[in-house]
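Following: one structure in structure tokens, then a few remarks.
Read-outs throughout are calculated quantities, based only on the coordinates presented, and are distinct from any laboratory measurement. These numbers were taken from a predicted model, which means no experiment stands behind them. Counting neighbours? That spans all protein chains shown, and the Cβs are built from the backbone with ideal geometry, glycine included.
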């Protein structure tokens with residue numbers, strides 16, 4: 001079971017371990033319990049969370065016991081790590097709704113128990129917490145955290161936020177006491193907070209616990225993992241369609257393909273390396289493998305198949321576009337004609353009518369595969385083939401407009 005560290009290191013998950021010999025010794029004695037926490041700041045996780053979720057899945061496949069803590073309690077405060085200003089405070093109702101969405105997504109990766117830290121944090125008495133937990137922390141020590149130092153030098157640090165590290169450390173202590181949890185994993189931005197937890201366990205229980213953090217991924221262009229120019233890449237199919245999710249991975253930069261195959265698929269590393277060695281046009285097959293595998297893990301076999309077929313149709317023979325982003329439209333809107341600039345804007349292919357006109361003038365707008373050069377182009381019912389019209393902006397952004405007659 002200690003081989004899990006070698007597996008994770010080979011695939012690129014390990015940036016830092018607090019006590020590697022100690023952790024390897026613990027792993028060598030049998031299954032361990034570990035946890036990863038996420039605050040419910042939205043009702044969906046993003047592609048950026050996939051690094052931690054995949055790492056937990058590797059632990060689970062190796063016979064260890066992961067726990068996911070959804071921060072219903074800490075979410076009421078908000079993690080200040082890496083933030084230049086205080087997070088927006090969420091209501092209990094917002095947190096409950098966000099947790100429900102995240103639980104469904106996490107279940108696709110793991111059989112792990114999902115716990116809500118509100119179950120133990122909200123029942124804490126303030127005086128009792130200060131006496132039993134707060135006494136183990138030094139304010140000077142907390143202010144060594146770069147986020148706290150920067151906030152103090154800028155707009156200031158809220159007392160609530162200063163307590164976040166204590167709350168997260170207490171989560172680790174609570175899980176150690178109740179679940180035998182000895183390892184917390186997270187992204188490298190949580191290194192300070194996790195070490196506070198290991199230190200609290202040492203002081204309060206005289207026991208050893210460990211921290212393992214992953215690198216914070218960026219693409220070859222320096223963009224944060226899970227982000228695009230249009231915003232986050234969500235795991236919720238209502239926020240980011242399976243087709244758009246698939247296309248996000250298809251559009252992976254050549255330099256990132258092998259690295260992302262190692263992180264975001266369960267393919268054997270020999271196969272990952274072989275795919276990573278492909279060059280030129282052959283590298284497209286590696287990107288299709290990456291996109292297909294990640295979409296299958298997140299959305300299931302059927303959605304991955306439909307996304308792949310749609311992508312191939314859009315870039316190939318156009319035979320099946322059922323999975324493409326779609327807008328339904330009442331055909332009565334076309335009785336007197338509909339300006340193309342309006343439709344490009346409504347479908348979200350461009351941000352404004354001005355951007356639509358610029359796109360057309362620059363030769364980047366297509367209707368049913370034909371380039372349109374006139375910003376004054378008006379669409380009619382005759383251009384809908386079998387009640388469908390296909391828009392394209394640039395080389396890779398498509399949108400299907402489907403007529404739906406109101407009876």
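How far apart, in nm, are the 7 Å Cα→Cβ label points at residue 3 and residue 373?
According to this spin-label approximation, the distance is 6.4 nm.
Sort 396, 385 so the one with the fewest other Cβ atoms within 10 Å of its own Cβ comes first.
Fewest to most other Cβ atoms nearby, the residues stand as 385, 396.
Would you work out the relative contact order for segment 326-403, in percent, from Cα pairs under 8 angstrom that are 6 or more residues apart?
Relative contact order comes out at 38 percent.
Between residue 404 and residue 129, what FRET efficiency follows from the Cβ-Cβ distance if R0 is 60 Å, with the result rounded to 0.05?
0.60
Under a no-solvent Debye model with one identical scatterer per Cα of segment 326-403, what's log10 I(q)/I(0) at q = 0.13, 0.14 Å⁻¹?
-0.32, -0.37
Normalized C-alpha radius of gyration of segment 4-214, against 2.2 N^0.38 Å?
So the Cα radius of gyration is 0.98 times the expected 2.2 N^0.38 Å.
Using the 10 angstrom Cβ neighbour count as an exposure proxy, how do 310, 218, 327, 336 rank, fewest first?
With the fewest neighbours first, 310, 218, 327, 336 line up as 336, 218, 327, 310.
Can you give the helix-only mean residue ellipticity at 222 nm for the chain, where every DSSP H stretch with n ≥ 4 adds -39500 (n - 2.57) and the sum goes over all residues, rounded to the nearest 500 deg cm²/dmol?
It comes out at -12500 deg cm²/dmol, rounded to the nearest 500.
Hey, got the Cα dimensions of segment 184-292 along the principal axes, in Å, largest first?
57, 35, 23
Multiplying the sequence separation of residue 339 and residue 19 by 0.36 nm and subtracting their Cα-Cα distance, what value in nm do you get?
Using 0.36 nm per residue and subtracting the Cα-Cα distance, I get 108.8 nm.
Can you say what percent of the DSSP beta bridges in the chain, counting only those with both residues inside, are antiparallel? Round to 5.
50 percent
Over segment 181-265, what is the percentage of antiparallel beta bridges among all DSSP beta bridges, to the nearest 5?
40 percent
If neighbour count is taken as other Cβ atoms inside 10 Å, put 241, 52, 25 in order from fewest to most.
By the 10 Å Cβ count, ascending, the order reads 25, 241, 52.
Please report the antiparallel percentage of DSSP beta bridges with both residues in segment 4-214, rounded to the nearest 5.
Once the DSSP bridges in segment 4-214 are tallied, antiparallel ones form about 10 percent.
Per the Debye formula with a single identical scatterer at each Cα and no solvent contribution, what log10 I(q)/I(0) holds for the chain at q = 0.08, 0.12 Å⁻¹?
Values returned for q = 0.08, 0.12 Å⁻¹ are -0.54, -1.01.
Rounded, prolate or oblate, given the Cα gyration tensor of segment 241-315, with a/c below 1.5 counting as rounded?
Oblate.
Normalised radius of gyration for segment 233-373, please: alpha carbon Rg relative to 2.2 N^0.38 Å, two decimal places.
1.24
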